[in-house]
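K.L.:
Structure below; questions to follow.
The values are calculated or read from the model by the stated rules, or taken from the named source; none is laboratory data. Source: prediction; values computed, not measured. With ideal geometry, Cβ positions are generated from the backbone for all residues, glycine too; neighbour counts draw on all protein chains shown. Areas reflect the complete protein model, heavy atoms only, side chains present, ligands, DNA and RNA absent. Shrake-Rupley method; radii C 1.70, N 1.55, O 1.52, S 1.80 Å.
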Amino acid sequence: MLAGAAAIGAAQKTQHPIQLHVDLAVDPAKEKEMLHNFRTVFRPAASKQPGFIDVKMLKLRSALQGPAPTGANYRFQLTFETEELRKQWVATAIHQKVWPTIESTLVSKNYTVLLYDVT
């Protein structure tokens, strides 16, 4: 029985975190509002979720090689222990309340969402 528990623990430790990248076109007139909401509403709520590791809002400075994402001026980067835990967070009532505070500042809701495995 102990060997089985140890095997499960080892399997969980070998699972890599995930990282979600979302390219956002923030309305320049609403940039301060978006940053305020990210820092005071979204990040505090996300950080309390099971599996949460990190969340960042990156402002695009320049494209050093290749084209920048069309229209995007920010990249939202969210890291969770697993994709399953991230999906659980997205399904919560609090996520349904806090994400719109970011999304309402966008020029378009047609944004690119990429999911990565952290290796």
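K.L.:
If you take the residues in segment 94-108 that are open to solvent by 40 Å² or more (accessible area, probe 1.4 Å) and either in contact with a strand residue (DSSP E or B) (Cβ under 8 Å, 6 or more places away or on another chain) or closer than 12 Å to Asp23 by Cβ (or both), which one is modelled with the lowest pLDDT?
P.N.:
Per the stated criteria, the residue is Ser108.
K.L.:
Name the residue, out of Ala72, Ala91, that is more than 12 Å from the chain's Cα centre (by Cα) and more than 13 Å from His21 (Cα to Cα).
P.N.:
Ala91
K.L.:
Tell me the residue from Pro69, Pro44 that is out of contact with any strand residue (DSSP E or B) (no Cβ under 7 Å at 6 or more places or on another chain) and open to solvent by 40 Å² or more (accessible area, probe 1.4 Å), please.
P.N.:
Pro44
K.L.:
Among the residues of segment 75-85, are any farther than 17 Å from Glu33 by Cα, assigned to a helix (DSSP H, G or I) and not charged (D, E, K, R)?
P.N.:
yes
K.L.:
Identify, by number, the condition in (1) closer than 26 Å to Thr119 by Cβ; (2) loosely packed, with under 15 Cβ neighbours inside 10 Å that Leu78 doesn't meet.
P.N.:
(2)
K.L.:
If you don't mind, there's one more thing I want to ask. Quick check, is Ala63 within 15 Å of Val22 (Cβ to Cβ) and open to solvent by less than 60 Å² (accessible area, probe 1.4 Å)?
P.N.:
Taking the combined requirement at face value, the residue does not satisfy it.
K.L.:
Would you mind telling me which numbered condition in (1) closer than 15 Å to Asp23 by Cβ; (2) open to solvent by 70 Å² or more (accessible area, probe 1.4 Å); (3) in contact (Cβ under 8 Å) with a residue 60 or more places away in the chain Thr119 fails?
P.N.:
(1)
K.L.:
Go through Leu58, Leu85 for me and flag whichever is surrounded by fewer than 15 Cβ atoms within 10 Å (Cβ to Cβ), under 14 Å from the mean Cα position of the chain (by Cα), within 22 Å of Leu115 (Cα to Cα) and aliphatic (A, V, I, L, M).
P.N.:
Leu58
K.L.:
Something else: Could you check how many residues of segment 23-41 are among the hydrophobic types (A, V, I, L, M, F, W, C) and either over 22 Å from Thr112 (Cβ atoms) or surrounded by fewer than 17 Cβ atoms within 10 Å (Cβ to Cβ) (or both)?
P.N.:
3
K.L.:
Can you pull out every residue in segment 58-105 that is in contact with a Leu (Cβ under 6 Å, 6 or more places away or on another chain) and in contact (Cβ under 8 Å) with a residue 60 or more places away in the chain?
P.N.:
Residues satisfying the conditions do not exist here.
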